[in-house]
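Q: A single structure is presented below for examination.
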Amino acid sequence: MIKRAEYLGLAPLLIYMAIFLGWPLIAVMRFSFQNSAGDFTLENFSTIAQGIYRSAFILSFQLSIASALISLIAGFIFAYALVTSRYRTVKKFVATASGVLANTGGVPLAFMFIAVLGTYGTLTTWLKGIGIEIYGGGWTIYSFSGLLIVYLYFQIPLMVLIALPVLENVRKEWSEAAQSLGASSWTYWRKVLIPILFPQMLGLFLLLFANSFAAYATAAALTSGSLALVPVQIASLIGSNVQVDGANIAMALGLGMVLLIGVSTVGYAALERRSSRWRR
């Protein structure tokens with residue numbers, strides 16, 4: 001009876017997931033293997049494996065790798081500084097701010113950066129007034145590097161937020177034991193802490209990668225489609241009547257995203273489970 005009650009408590013969540021996750025996923029899988037006439041075909045996957053759609057996957061992959069790697073390193077440094085800080089108020093403030101910034105994205109974030117670092121943004125205009133022309137060398141906020149900066153705005157706070165619990169579980173006894181055996185700080189980090197934290201950090205990297213790869217609204221609003229990322233291409237195909245079987249090709253792209261993000265999520269869960277052993 002107790003087990004039945006436990007499963008009954010999960011019913012609302014399972015129903016929610018079935019409606020808003022399972023049903024759309026089935027629809028994506030179904031239409032990705034069909035053409036506009038409803039006939040079975042593999043042509044959609046042949047199409048996305050070449051040309052602009054292949055380039056979109058490569059560009060999205062590069063952007064996600066870059067933002068995840070930079071965010072992992074910067075966020076880890078900030079989180080470690082907070083954990084070792086004696087100022088609890090600062091720690092609480094930064095943790096709260098990270099929670100807000102990690103969920104700041106989409107169109108408002110894009111417009112904020114345009115207002116600050118756009119061609120006629122406030123910071124751009126001010127720097128130009130003192131003789132610094134940030135657009136003089138061909139750089140622009142609407143480029144790959146510009147979009148990377150915008151992504152770091154919410155990726156680094158997310159890393160801080162998810163790295164804090166990990167670093168808070170690092171025990172002082174480990175450092176004391178290493179020091180009692182004559183180990184230096186570098187030896188402690190290299191032979192004790194890094195091997196312990198590596199699976200967890202790799203899992204966090206996969207989580208950041210998936211978060212970046214799936215982002216759509218910020219890139220669409222900032223670049224207006226000039227950067228051919230996968231989510232932007234999907235939206236373009238669904239809203240266009242020019243491309244033959246465009247909606248079905250979009251579904252194939254979506255299925256590719258689902259598989260890639262799914263692998264990242266499963267990898268994160270597996271690494272999280274493995275690293276949980278040392279936290280017991």
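The values are calculated or read from the model by the stated rules, or taken from the named source; none is laboratory data. Just so it is clear, the structure is predicted and the values come from calculations on it, not from any experiment. When we count neighbours, we look across all protein chains shown, and the Cβ atoms used for this are built from the backbone with ideal geometry, even at glycine.
Q: For segment 181-216, enumerate the residues that are of a type in the set (Ser, Thr, Tyr) and closer than 22 Å to Glu272 by Cβ.
A: Residues of segment 181-216 that are of a type in the set (Ser, Thr, Tyr), as a first pass: 184-185, 187-188, 212, 216.
Once the filter is applied, which keeps residues that are of a type in the set (Ser, Thr, Tyr) and closer than 22 Å to Glu272 by Cβ, segment 181-216 yields only Ser212.
Q: Are any residues in segment 179-195 part of a helix (DSSP H, G or I) and surrounded by fewer than 16 Cβ atoms within 10 Å (Cβ to Cβ), and if so, which ones?
A: Taking segment 179-195 and keeping what is part of a helix (DSSP H, G or I), we get 179-180, 185-195.
Gln179, Ser180, Ser185, Trp186, Thr187, Trp189, Arg190, Lys191, Ile194, Pro195 - these are the residues of segment 179-195 that are part of a helix (DSSP H, G or I) and surrounded by fewer than 16 Cβ atoms within 10 Å (Cβ to Cβ).
Q: Now, a different point. Which of the following residues is of a type outside the set (Gly, Ala, Ser), surrounded by 13 or more Cβ atoms within 10 Å (Cβ to Cβ), out of contact with any Leu (no Cβ under 7 Å at 6 or more places or on another chain) and within 18 Å of Thr218 (Cα to Cα): Leu148, Leu127, Leu101, Leu161?
A: Working: Leu148 fails: out of contact with any Leu (no Cβ under 7 Å at 6 or more places or on another chain); Leu127 fails: within 18 Å of Thr218 (Cα to Cα); Leu161 fails: within 18 Å of Thr218 (Cα to Cα).
When all the criteria are applied, what remains is Leu101.
Q: Please specify each residue of segment 26-44 satisfying the condition of being surrounded by fewer than 16 Cβ atoms within 10 Å (Cβ to Cβ), assigned to a helix (DSSP H, G or I) and of a type in the set (A, V, I, L, M, F, W, C).
A: Ile26, Ala27, Met29 - these are the residues of segment 26-44 that are surrounded by fewer than 16 Cβ atoms within 10 Å (Cβ to Cβ), assigned to a helix (DSSP H, G or I) and of a type in the set (A, V, I, L, M, F, W, C).
Q: Hey, among Ser275, Ser212, Ser236, Ser185, which residue is modelled with pLDDT under 85 and not aromatic (Phe, Trp, Tyr)?
A: The match here is Ser275.
Every residue, every condition in (1) small (Gly, Ala, Ser); (2) in contact with a Gly (Cβ under 7 Å, 6 or more places away or on another chain); (3) crowded, with 22+ Cβ neighbours inside 10 Å; (4) touching a residue at least 60 places away in the same chain (Cβ under 8 Å), yes or no:
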position	(1), (2), (3), (4)
Leu202	no, no, no, yes
Ser212	yes, no, yes, yes
Leu260	no, no, no, no
Thr265	no, no, no, no
Tyr268	no, yes, no, yes
